[in-house]
Structures are given as C-alpha cells and as structure tokens.
Amino acid sequence: MPANSSRGLSRRSLVRAALAIGGANALAACQEFERPPDDGKTTTSPDYPRGTEDRSKLPERQHAWDEYLVNSVHGTTTQSQHQLLLGLSYEGSIPPTESERRQVENALRGLERAFQWGSGLNTSGSVNNGLLFMLGYAPRYLTQVDIDVDGLQPPEEILDELGEDPGLAAEFDAMLLLDSDFASILLAAEQALFGEKETLNGLEVENRLTGVFEVTTRRSGVIGKGRPAQELDNENIPEDAPLSMGFRAGFDNSLPPEEMATLTSGPFAGGTTLVVSRIKTELDDWYEQSHRDRLKEMYCPAHDYEEVGDIGDRMGDHSGIRESDVENMDELAAEHGIVGHAQKVAAARDDDFQTKILRRSEGVATDDVDGSSFNFSSIQTDTQKFVDVRRAMNIDEYDHDVPDDRHGIVDYLGTRSRSTYLVPPRADRALPSNR
C-alpha cells in the first residue's frame, strides 16, 4: 500500500521523513503532526512528561532501558518506534578541560530535565512518551585521552575477525543514541544539543554540545508493527511485520537480562560496550522464497507455520529455539536442507543457554536513499561476544551440505559500517580521561 494512500499513513510518512532530514523546519513539521491538536497549551508548556532535576532518581547506568521501555502484549520488552543515531567528532581539548566536561554534563542533564526517562517505569502503557539515550566513546577518542578498556575492540579488528573489509569502520569519536516513540522528541533533543532551539519541552536550553562535539553522521530508523511495509518500497513485506524481513524478533528467551551486559569491575563498572552497525538487506532475493522456507531460515527448520504464523505472531514470548535445536543442527539440516538463523545464533549462547548480547536498536533505516538497510546496535560486556554471535551466522562456520541461500539470513545481509564504543556509567559520561 503506498505511504500516501490514507491520512494515517501520510502522517507516519511525514514524521519519518522529518526525522531522517533533521533540522528546525523538520522539527516544526513533525511537532505539528505529533502534538495533540488545539490543546490550548502555551509555548512554555510541556508537550510530554518532564524528567527530573535530581540525578539520583535516574538509574546509574546510561544503558538502563529495560525497565523504562513498553512491554508488548506478549510481555516482552519492545524497542521504541523511533531511533536517532548521531555520529560525533570530538572538537574539544586534549585532555578535556573541566569547563568542557561541565558543558557536556549540563547539556545532557538538560535532556533529563526536559523529558522523563523513557516511559517513566509505566511499562504497562502503550507508548514511550519520554526519552532514552546513551553517549558512548569510540577507541579513536579513548586513545587520545589514554584510556584502555578491556573488552573493547576497535571496529577494524572486529571487521577483520569477521572476514569483512576493515575500511568499513566508521570514523567517529563518539556516538549519541536516542530513542523514543515520538520522533519530535528526538528532533527537539538534537536541536537543543546542536541547533538553536531555545526551549525544550517548555524549559530553557542553557547548555549545548556545540564546540565540544560536531555531528558528522545522522542515522534515523523506525521499528514496529507495519512500519517496514509503510516505509520501504517492497510490496512483499507483510503488512503487520515489525521488521523488514517479515518476522518478529526480541523474544524473552533471546534477550538477556540487562545485568548480563553490564561491566562489574574496573574504572567503568556499571557501564557497557556498544557495537553499532549499518546493514544492507537484499529483500527482493529474500522474498523470492516461499513463506515456509523463510520462516524456517529465520528461526529453525523444526519450526512450522502452525506454531509460527505469518510473522511469528503465534509464538508469544518465546522464539521456540531450544538447546535440542542446536544439538540436532546436523540432522535438521540434512532433513530439511535449511539451517535457521535463530538456531545458528543460539549456538553462540553461554553455558546456561543465555544470549550474550542485548540489542538496543534494530530500526529500518529511514535515511537510506539507496534501498533497504537497518541500524543494529547491541550492548555487551565484551565486544568479542558480539563477534562470537555474528560469527555464528557465517556459513563457513558449519559443515552442512546446504545452499548458501538456505543457510539462515546471512546471505541476504551486507555490512556497510561498524563502530564500537565504551558507554560509561552516568556519573562518568562527560568526557572521560586518564590525563
């Protein structure tokens, strides 16, 4: 269905376009569609629930999102509909000055005062009408300030380990990842930090990140039921699918508890590591296959339509992947001529059959003018865990006589860029340095 075929779809399309374009004009257009009509508010009144002046009321972890995200009808934590990733260049002093640190900290506290942290623990609701964000520092910045983080690999090393081109490493000093169900919240936050917006959700903007950081790359994404079909020019995507490849992800048994992704020792205990990737999807080739083959390739050849449904809607809160699916991979591959993506990724779980990485964004890229791609971000205590999970997707890791295009989904994906970051705990997020 074309994006402009109804009033509702037209509205969503305009909001998506505004987030992708960015800027003050885009924000104004987006606010017009997302703000409740004729509510009689003054220009200083908040459009969304405000946050807090007291940082002690916020979680110590920047990446503490799970309790502040909305739960699905299946009881699983769901990602917000809109994500904005800002790749940053550091323009400040080496080492950073105390004035620069105060500027960064105060600018981020301005966001926390203006918007509540996510859904404000009201996860029983249907919408995240607040803001979640995290600021991470790339090895390129950390090297300049003499910080060495155990478990944080440079992106070139990860690319090399995965047999990918090290030239695909994104050249950022830092990454700011913002998340909300309202695109206008993300755009307003961006304009407050890097533009000329004077108020944010009715509060005066007193500090910005300009002069310390410069935005060099913007990546926007959307996720949620029906969004890929509306945003992408591919009539094969199921109308209700939350992801472009047509099936649900993020089941309870494939999402580890947040503590599993949190550093427990060292100078940045309470923080985490972040891997951000931009991935190209070959949707035309993917949808040339039957639905039966696609669901088995996405999950496991032992799955069938009766338990999966059209988009994975029948599986509730569990992906159906069990240890026996991994242990019997050889037999299932020989029987069905297919190896499942979720089945392969499960081979990289720990001894307790627990997933090693926790995804933080997986949105369809709305700024991609060259076709279909998505932003994949994960947190983990060690980036090697991301490498282990991603390597488990590779065809040459297995000795199965199965065609490449029946070996999970990896044959339909292509890496465009990768980057890695240290995400310090909230208390240390403003320009960490050993100098």
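Computed from the coordinates by the stated procedures, all read-outs in this text should not be read as laboratory data. Because the structure is predicted, anything quoted here is derived from the model rather than measured. All Cβ positions, even for glycine, are placed from backbone atoms using ideal geometry, and neighbour counts span all protein chains on display.
Residue pairs exceeding 29 angstrom between C-alpha atoms, taken from Lys197/Lys356; Lys57/Lys225; Lys57/Lys385; Lys197/Lys225; Lys225/Lys280: Lys197/Lys356; Lys57/Lys225; Lys57/Lys385; Lys197/Lys225. Applying Stokes-Einstein at 37 °C and 0.692 mPa s to the Kirkwood radius of segment 262-381, computed over alpha-carbon pairs, gives a translational diffusion coefficient of 198 µm² s⁻¹.
Applying 1/(1 + (r/R0)^6) with R0 = 35 Å to the Cβ-Cβ distance of Asp352 and Glu171 gives a FRET efficiency near 0.40. Here the Kirkwood formula puts the hydrodynamic radius of segment 324-430 at 15.9 Å, using every distinct Cα pair.
Sorted largest first, the principal axis extents computed over the alpha-carbon atoms of segment 242-287 equal 47, 23, 12 Å.
In this structure, Asn434 and Glu214 have a Cβ-Cβ separation that, at R0 = 25 Å, corresponds to a calculated FRET efficiency of about 0.60.
Compactness of segment 46-161 is given as radius of gyration and Dmax, 17.1, 49 Å, from Cα positions. Rg and Dmax of the chain, both derived from C-alpha coordinates alone, stand at 21.4, 67 Å.
The fraction of all Cα pairs in segment 374-435 landing in successive 10 Å bins from 0 to the largest distance is 15, 37, 26, 13, 8, 1, given as whole percents. In angstrom, the C-alpha Rg and Dmax of segment 298-337 are 10.6, 29.
Panel order for Glu196, Glu34, by other beta carbons found within 10 Å of each beta carbon, from fewest to most: Glu196, Glu34.
Note on the chain: with a GNM built from Cα contacts shorter than 10 Å, the maximum mean-square fluctuation among Thr273, Thr199, Thr383 falls on Thr199. In the chain, the DSSP-assigned H stretches of four residues or longer account for a calculated mean residue ellipticity at 222 nm of -7500 deg cm²/dmol, using -39500 (n - 2.57) per stretch and the full residue count as denominator.
This ranking places Ile379, Ile409 by how few other beta-carbon atoms lie within 10 Å of each, fewest first, which gives Ile409, Ile379.
GNM remark for the chain: springs join alpha carbons under 10 Å apart, and the peak mean-square fluctuation among Ala333, Ala347, Ala269 falls on Ala269. Of the residues His400, His291, His82, the one with the fewest other Cβ atoms within 10 Å heads the list, and the complete ranking is His291, His400, His82.
Where does the Debye-calculated log10 I(q)/I(0) of segment 76-135 sit at q = 0.26, 0.27 Å⁻¹, using only Cα point scatterers of equal weight, no solvent? Log-scaled intensity ratios, in q order: -1.16, -1.21. Compared with the rule-of-thumb size 2.2 N^0.38 Å for a compact globular protein, segment 48-87 has a Cα radius of gyration ratio of 1.43.
List the chymotrypsin sites (Phe, Trp or Tyr not before Pro) in segment 327-416 that DSSP assigns to loop (not H, G, I, E or B) and whose Cβ has at most 15 other Cβ atoms within 10 Å. Which are they? Passing both the DSSP loop test and the Cβ count: Phe353.
Enclosing the Cα atoms of segment 210-313 in their convex hull gives a volume equal to 162 cubic angstrom per residue.
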